[in-house]
Each structure stands twice: as C-alpha cells, then as structure tokens.
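The values are calculated or read from the model by the stated rules, or taken from the named source; none is laboratory data. Worth saying up front: this structure is predicted, and the values here are computed from it rather than measured. Every residue, glycine as well, gets a Cβ built from its backbone with ideal geometry; the counts of neighbours run over all protein chains shown.
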Amino acid sequence: MRKLFTLPHHLLREETGTATVEFVIVFPFFLGLMLSMFELSLITMRETMLERALDLTVREIRLETGAAPQHDEIKTRVCERAPVIPDCEKNLRLEMVQVDPRAWTLPDAEFDCVDRSQDVQPVRNFVNGMENDLMLLRACAKFSPVFPGAGLGKKLSKDGAGMAALIATSAFVQEPM
C-alpha cells in the first residue's frame, strides 16, 4: 500500500520528457516565424520585380520620343519584365494620370485593384499626355498568399477573393516629337 502512494511522488520528480514539453510550447512560434519569413521573401521579390518592371517600362516610354503607347501595350511590357507575378495579364491593373507640377495635387490615394470576387472592371483612368506633360503611372498587381491562414499571410489585407495587392508608382515627362 505504501508503494502506491510513493509512485505518483516518484513520477513528479522524473525529468524525462521535459524537452518534449518545451518543444511543444516553442515549436508553433518558430513555425509561424518561418512561414512568415517565407511569405515576406516572396512578397519582397514580387514587389521588387514589379517596381523594376514598371521603371524599365517607363524608361523605355521616355526614350521613345513622341511615342504614346496604349494601356494594353504598357501592361504587356510590364508583365514581360515581371515574370514572378502570377497571372500578370489578369492580375495587373494600370492607371496613368496627368499631374500638374505647378499646382501639385496627389491623385486619389485609394487605388482600386482587380478584384476577382466582383464583376469585370474597366480600365480605371488611362490618359496619354501631350508633349511635356508630367505623367504618373501606377500599377497594382494582385497575388494569393502562399500561407493565407498562417503568420504574415493571415495579417495581409485581402479582397473578397483572398488576394493581396502590390502597388508600384512611377512618373515621367511625355517627350515632344
């Protein structure tokens, strides 16, 4: 009978399995951290490629003196230079507006991107400028997070279809012919 009462006391002093308990407590934190780091690296790579593609396209437009490429042509050029953006032709939306440098007002800060959960949306605003006009070109690319329910993917603001947005902006002066 005495051994029956000493058995639980003996088990309380046992130290085997303590590493397992620590692992179970700490592992979810490290798993969330690893998933967030992976998600952040993909977002950073996509953002960098979108910025670079837009900058190269704007540079090309500036150097083509007098040429005024249309929406679809600019969209194709950006998508060719940003292969890491998934379904770029479907998920990229462009806006080009003329900005007056003497009476500077920023365009609408709220940029509506493609929302797959809604009906088809027309081109937002795309105006080719005249000679010597300052033009602002904005691009918005949508993507689905790799881990939408964990870590950083859970914290991203997403639309109704579960897609997050990357926005890039560039400006240029429409060169004379």
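The residue that is surrounded by the most Cβ atoms within 10 Å (Cβ to Cβ), among those in segment 131-177 that are among the charged types (D, E, K, R) and within 14 Å of the chain's Cα centre (by Cα), is LYS142. Just one of the numbered conditions (1) more than 30 Å from LEU134 (Cβ to Cβ); (2) charged (D, E, K, R); (3) at pLDDT below 90 is not true of GLU39: (3).
Quick one: is SER36 without any contact (Cβ under 8 Å) to a residue 12 or more places away in the chain, out of contact with any Phe, Trp or Tyr (no Cβ under 7 Å at 6 or more places or on another chain) and not hydrophobic (A, V, I, L, M, F, W, C)? The answer is no for SER36.
Condition test on LYS75, is it under 22 Å from LEU166 (Cα atoms), part of a helix (DSSP H, G or I), within 19 Å of the chain's Cα centre (by Cα) and modelled with pLDDT under 90? In short, no. What about PRO69, is it at pLDDT below 90, in a loop (DSSP other than H, G, I, E, B) and within 25 Å of MET163 (Cα to Cα)? Spelling it out, it is not the case that PRO69 is at pLDDT below 90, in a loop (DSSP other than H, G, I, E, B) and within 25 Å of MET163 (Cα to Cα).
Residues in segment 119-162 that are outside any strand (DSSP E or B) and either modelled with pLDDT of 90 or more or over 29 Å from ARG59 (Cα atoms) (or both): 21 in all. Please work out if ALA53 is modelled with pLDDT of 95 or more, touching a helix residue (DSSP H, G or I) at 6+ places or on another chain (Cβ under 6 Å), surrounded by 12 or more Cβ atoms within 10 Å (Cβ to Cβ) and under 29 Å from LYS154 (Cα atoms). Against the criterion (modelled with pLDDT of 95 or more, touching a helix residue (DSSP H, G or I) at 6+ places or on another chain (Cβ under 6 Å), surrounded by 12 or more Cβ atoms within 10 Å (Cβ to Cβ) and under 29 Å from LYS154 (Cα atoms)), ALA53 qualifies.
The C-beta contact set for segment 59-74 (first residue over 22 Å from CYS140 (Cβ atoms) and of a type outside the set (A, V, I, L, M), second residue surrounded by 14 or more Cβ atoms within 10 Å (Cβ to Cβ) and at pLDDT below 85, distance under 6 angstrom, 6+ apart or interchain) comprises THR65/GLU175. Among the residues here, GLU64 qualifies as surrounded by 11 or more Cβ atoms within 10 Å (Cβ to Cβ), at pLDDT below 85 and out of contact with any helix residue (DSSP H, G or I) (no Cβ under 9 Å at 6 or more places or on another chain).
Can we say VAL84 is in a strand (DSSP E or B), free of Cβ contacts under 8 Å to residues at least 60 places away in the same chain and surrounded by fewer than 20 Cβ atoms within 10 Å (Cβ to Cβ)? Judged against the criteria, VAL84 is not a match. Looking across ARG116, ARG102, one residue alone is outside any helix (DSSP H, G or I), of a type in the set (Lys, Arg) and either at pLDDT below 80 or in contact with a Phe, Trp or Tyr (Cβ under 7 Å, 6 or more places away or on another chain) (or both). It is ARG116.
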